[in-house]
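A short write-up of the structure that comes next.
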Protein chains: 2
Amino acid sequence: MSDRTIEALDEAECLRLISPGGIGRIAYQSRFGTAVLPVNYRMHEGTILFRTVEESPLDEDLRTGIAGAEYQVAFEIDDIDTVSRQGWSVLIQGPAHHVKPGAERDAALNAGVEPWPAGERELFVRIVPARITGRRILAAI
Amino acid sequence: MSDRTIEALDEAECLRLISPGGIGRIAYQSRFGTAVLPVNYRMHEGTILFRTVEESPLDEDLRTGIAGAEYQVAFEIDDIDTVSRQGWSVLIQGPAHHVKPGAERDAALNAGVEPWPAGERELFVRIVPARITGRRILAAI
């Protein structure tokens, strides 16, 4: 594995890589310490948008956290080929908040975010990137 | 998407799913708040084991954190099919520590953990699971 290197990605490249949406992992402070869960996200006006199942553990933790004003979370997206061992990862850090009913929620609905599991899912969560970093793992020529 | 449900997985099933090793994401407290990065892990005697590049940002953050006694991290592993929208995720929460030189390090080397990028990588990190939870996303019959 001595033929591989890590290369930092600039913010524009990070945003390009994550623009299609898909699976990302949100890390947040839960009742049991730091937790990480996969969610199905979309990009919307430069922010990360996903839905949660109301009254799920994720919802309850986020609800408690978000109630405390600035609730900082991390959101990671990657695409890694386990055979060639090449790929990239992007890390978004910033505050999360619930999308409010009205114009913001209507816009979120139009962004086409789909949750996966069944159940009530009225809640949209938005993460506003404060810091965007990324890295690519390359095979040397 | 109203035909899908989330099912909780018991600890034995979680351990079975993550036993092959591969890509996992570690979440930890960095200088810039919660951070998440992908690493190449192996299971070793019921613990998560991976290597870091010495003096990398991850190493420096973990080094600072680990120095402060019990350093709690989260480790997430998942396997999600974006076409069928089915899959599973497992979350490990517990303390991380550097593997000490000597018998513990020799055993770690024999566990076959391989880092990806080039560089000095003398450091093994071990996460001892204190809490193991998992969920499966199912399509209804």
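Tabulated data
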| item | result |
| --- | --- |
| 7 Å along Cα→Cβ, label-point gaps from A:I6 to other copies, nm, shortest first | 3.0 |
| Rounded if a/c under 1.5, otherwise prolate or oblate - segment A:1-52, Cα gyration tensor axes | oblate |
| Distances in nm from B:R136 to the matching label points in the other copies, shortest first (labels 7 Å along Cα to Cβ) | 3.8 |
| Solvent-accessible surface (1.4 angstrom probe) belonging to B:H44, in square angstrom, nearest 10 | 20 |
| Chain B, closest residue to the rotation axis toward A, by beta-carbon, whole angstrom | B:A27, 2 |
| Shortest-first distances to equivalent copies, position B:V83, nm, label 7 Å out along Cβ | 1.5 |
| Sequence-distant residues sharing a close amide H with A:Y71 (under 5 Å, placed H) | A:A96 |
| Under-5 Å amide H pairs with B:H44, H placed in peptide plane, nonlocal only | B:L49 |
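The values are calculated or read from the model by the stated rules, or taken from the named source; none is laboratory data. This is a predicted model, so every value here is computed, not measured. Neighbour counts are summed over all protein chains in view; Cβ atoms, including those assigned to glycine, are modelled from backbone coordinates with ideal geometry. We work out accessible area using only protein heavy atoms, side chains counted, and drop any ligands, DNA or RNA first. Shrake-Rupley method; radii C 1.70, N 1.55, O 1.52, S 1.80 Å.
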